[in-house]
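The values are calculated or read from the model by the stated rules, or taken from the named source; none is laboratory data. Everything quoted here is computed from the prediction, not taken from an experiment. When we count neighbours, we look across all protein chains shown, and the Cβ atoms used for this are built from the backbone with ideal geometry, even at glycine. When the accessible area is computed, the model is the full protein with side chains, heavy atoms only, and any ligands, DNA or RNA have been set aside. Shrake-Rupley method; radii C 1.70, N 1.55, O 1.52, S 1.80 Å.
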Amino acid sequence: MRIGIIGAGNIGGNLTRSLTALGHDVFVANSRGPHTLKELAEETGATPVPAEEAALDAEIVVVTVPMKAVPALAPGILDGAAEGVAVIDTGNYYPKQRDGRIAAIEDEGLTESRWTERRIGHPVIKAFNGTFAQDILERALPAGAPDRMALPVAGDDEAAKRKVMALIDEIGFDTVDAGGLDDSWRQQPGTPVYGLRAGVAEVTKALAAAAPGRTPEFRAEQGAE
């Protein structure tokens, strides 16, 4: 499968490692240019490309950049993707720690991935946002393994969601359908499932236990812009 990865940080880098090892054709990009990805390319066999080219003909695209960087992505960055492309959003909103205040999230109550979806102009599937990057490589297990971790997956496009869940299973993790994108607040930072290393039953229970509203740690300071 041809997969584009926009963002080569901890999550993007380890997904590149995992997916190339599985035999996928991975095209990876970051904000600094393909020349800065030479070591990752040599290690994995992935093809480094400009961000504007990462999605070309891709069946799955992973957007894994800081939320503050999403508006800087090129308009139409997904226009050249394959028909029916599934777009994975791994992002989290960290207003105090990194991203600054995003009014549509703070004031309008948009979920983080709904905001990202609107900014990039394409439906997204929220996954990997609460996953420790190293777990992608170190905790992957075959289907049926008793200690296999499960990851929550949210999105409105059922076909795209199934495609993403199948890919996550191939990588080495079970999945739990966390509902539509407007339900994805249940897996945002500060919720019981965020960072949880557990199986299907525990992840399902954690999603159900989530309370609406952002915790103080993940809200912008009052009056901050």
Worksheet item: Roughly how many Å² of E221 are accessible to a 1.4 Å probe, to the nearest 10?
Response: 110
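Note down the relative contact order for region 95-212 as a percent, whole number, built from C-alpha pairs under 8 angstrom at least six residues apart.
Numbers: 179 pairs, mean separation 30.7, N = 118.
Rounded, it is 26 percent for region 95-212.
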Practice prompt. Please give the FRET efficiency for K96 paired with A201, using the beta carbon to beta carbon distance and R0 = 41 Å, rounded to the nearest 0.05.
Written response: 0.80
Item to complete: Kyte-Doolittle cut-off -0.5, length cut-off 18 Å along the helix's own axis using Cα: show which whole DSSP H helices in the chain pass.
Response: 158-171
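To the nearest 500 deg cm²/dmol, what mean residue ellipticity at 222 nm is calculated for the chain from DSSP H runs of n ≥ 4 alone, each contributing -39,500 (n - 2.57), summed and divided by the residues?
It lands at -7500 deg cm²/dmol.
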Discussion item. Looking at the chain as a GNM with Cα springs under 10 Å, which of T16, T90, T44 has the largest mean-square fluctuation?
Written reply: T44
Practice prompt. Rank A55, A206, A72 by mean-square fluctuation in a GNM of the chain with C-alpha springs under 10 angstrom and give only the top-ranked residue.
Written response: A72
Worksheet item: Working out 0.36 nm times the residue gap between A166 and N10, then minus their Cα-Cα distance, what length gain in nm do you get to one decimal?
Response: 54.0 nm
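Could you tell me the calculated FRET efficiency between E83 and T36, based on Cβ-Cβ distance and R0 = 35 angstrom, to the nearest 0.05? Please list the in-between numbers first.
Working: r = 31 Å, r/R0 = 0.89.
My answer for the efficiency is 0.65.
What percent do you get for the relative contact order of the chain when only Cα pairs under 8 Å and 6+ apart count?
Details: 458 pairs, mean separation 39.1, N = 225.
Value for the chain: 17 percent.
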Worksheet item: How do L137, L78 rank by accessible surface area computed with a 1.4 Å probe, from largest to smallest?
Response: L137, L78
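Can you give the extra length, in nm with one decimal, that the chain gains between R118 and M1 once fully stretched, where that is 0.36 nm per residue apart less the Cα-Cα distance?
Numbers: separation 117, 0.36 × 117 = 42.12 nm, distance 2.63 nm.
Additional length available on full extension: 39.5 nm.
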Fill in: With all protein chains modelled, accessible area of M1 [1.4 Å, Å²]
80
Worksheet item: Short version: what are the Cα gyration tensor semi-axes of region 88-225, square root of 5 times each eigenvalue, largest first, in whole Å?
Response: 26, 16, 13
Worksheet item: What accessible area, in Å² to the nearest ten, does a 1.4 Å probe give for V85?
Response: 10
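Determine the percent antiparallel among the DSSP beta bridges restricted to region 47-201, to the nearest 5.
Working: 2 of 12 bridges.
Taking every DSSP beta bridge within region 47-201, about 15 percent pair in antiparallel fashion.
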